[in-house]
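Since every read-out is calculated from the coordinates, none of them should be taken as a lab result. Here the structure is a predicted model, which means the values were calculated and not measured. With ideal geometry, Cβ positions are generated from the backbone for all residues, glycine too; neighbour counts draw on all protein chains shown.
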């Protein structure tokens, strides 16, 4: 894909928005300003930004429990996102969903699920609707390595392949399902190898290389859009922080973490931008902008009120 | 008016709604050429084609989630499970996804999906193909549950369920498919959430739903010969439940038997009993509220035993007689 300078800047801005948003969430969690649980995507921002840069603005995505970066990459308003995370009425889900369900349907983001597996089938159903519509739109479905072991994954890939649905399955392999290493729960070398069981292309890609991601997703999106059916793309990446807030990462070494942190997707894309002529000052300015936006979102969200129980009851049924 | 079977009524409701709204489509196993496990969709493939009568692989959980996704994206899928026992395979899709997505997303989406399925015992299909699992679904916030007894109710309620913007579970009793009844030629709808008095009486209220209603009516005829005038109240919809109709009938008669084929423990009968006990109807009771549900046992294949573990007309009759002593 030929990326314009404006698009590259937008991507760089989103990468930092995602990183800084997550860091802010982490701190707010420690301070007790965010309750429940939260699954942070620090280290995986490249997957979200790369995939979404490769599809059209009006294409859809399905996110997952580790979904903040997807939401940001799909142009979600940070004030509404942060409001959702602290349970305020100004949140995308009016504060009823929280971290695990923060999505903006208006931007084409169709869900973030608290159960591992079903979202892949729901995304497949949305792809069916897109095909029925004849809209030419596709859906990019984000899920993790853990999902690839569920029945929903295998059932959905089979159906999507049979019905030639306009969907691109994006497996962010961050190496661990909570504490369980993919080495201990995936029977094949690469999750992408599973595509062959369904007669669809399976592609392994460096999940921390935004530009490489764009190339493979663009081709898969084209395939989906032209009625040739799904592709399974495995993005190899790493979550820098624990699975959720109570995780001390006893199942992996500090050396392994350091090794992956050296492959930071943001630094990598930044270096590529410098090579293509951007200045460090321009990059710093974008990072600064992201910082200010995240800070603004926090200040805004903390001032908002909650839904009443009467208002919440009204939302059970349409 | 024409006289048709319950099965025909379900089929007619589906066909009419599919003709009226191209967003309605069917999803399930063997619905096309085969015409559905019990023949409800026979002929549909010819009229509507494979894009609207969609045969799925054996994937109850995933095809239910697929229906949820299609519903979120503007369609009105009607899912068929061959037997209601299979909803347990799809329970995550029904209870965690369909029932909750709208609420969790703060009302950003609607989930207009119908999960329809043949339920109940009496066909010698043993313990995994004979259950009545409605209470499980009634327990989940965000689901509506419909369980009609007559062709007239089935047609009107299924059409309402398809037009409803929420997930609706729709149970059809396998023995009930053969029940015949009058259905108007012209179009009609029956609102979800309204009970119906199937027989007016003054001495005792028998509350039930689905196929058991016909056993209750038979029992009421037997009771009439003994000089007992029984009212038979058909709940039709289990959620939302028509509390007013329950309370009014019990206030009138002062005696009540709640009976259903589903296992009695933790069931619909317990809910209805507590509604009566918590209401002004309590002060009109001449006898304690009586429940008579299915026995706490998996449905036996053994034909002689199968009929013993769920209420029958003669045992309902006996239970009411006991209540009238």
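Got a sec? How would B:202, A:287 order by Cβ neighbour count within 10 Å, fewest to most?
B:202, A:287
Treating r as the C-beta distance of residue A:313 and residue B:189 and R0 as 35 Å, the FRET efficiency rounds to 0.85.
Would you mind ranking A:188, B:40, B:204 so that the residue whose beta carbon has the fewest other beta carbons within 10 Å leads the list?
In order of increasing Cβ crowding within 10 Å: A:188, B:40, B:204.
For residue A:272 and residue B:321, the FRET efficiency from 1/(1 + (r/R0)^6), where r spans their Cβ atoms and R0 equals 60 Å, is about 0.10. Cα extents for chain B along the principal axes, largest to smallest and rounded to whole angstrom: 59, 43, 41. For the stretch B:40-95 versus the stretch A:180-253, the inter-centroid distance based on Cα atoms is 29 Å.
The stretch A:108-168 and the stretch B:298-314 have Cα centres spaced 43 Å apart.
Over all pairs of different C-alpha atoms, the stretch B:2-183 has a mean inverse distance whose reciprocal, the Kirkwood radius, equals 16.1 Å.
Can you tell me the orientation of helix B:268-277 relative to chain B, as the angle in degrees between its alpha-carbon axis and the longest Cα principal axis, to the nearest 10? Value to nearest ten degrees: 50.
Distances between every pair of Cα atoms in the stretch B:196-324, grouped in 10 Å steps from 0 to the bin holding the largest one, split as 14, 48, 31, 6, 0 percent. Distance distribution note for the protein assembly as shown: the fraction of Cα pairs above 31 angstrom is 56%.
The distance between label points at residue B:178 and residue A:281 comes to 8.9 nm (points 7 Å beyond Cα on the Cα→Cβ vector). Judged by the gyration tensor of its Cα atoms, with axes a ≥ b ≥ c, the stretch A:74-204 is oblate; a/c meets the 1.5 cut and b/c is at least as large as a/b. Helix B:243-253 and the longest principal axis of the Cα set of chain B meet at an angle near 20°.
Rg and Dmax over the alpha-carbon atoms of the stretch B:235-292 stand at 10.7, 28 Å.
Jot down the per residue volume, in cubic angstrom and as a whole number, of the convex hull over the alpha-carbon atoms of chain A.
Cα convex hull per residue, to the nearest whole number: 129 Å³.
Looking at the stretch B:196-324, the DSSP beta bridges with both ends there are about 20 percent antiparallel. Between the Cα long axis of helix B:212-225 and the first principal axis of chain B there is an angle of about 20°, rounded to the nearest 10.
For the protein assembly as shown, the share of DSSP beta bridges that are antiparallel, to the nearest 5, is 15%. Expressed as a whole number of Å, what is the distance separating the alpha-carbon centroids of the stretch B:198-226 and the stretch A:44-104? Comparing the Cα centres of the stretch A:44-104 and the stretch B:198-226, I get a distance of 55 Å.
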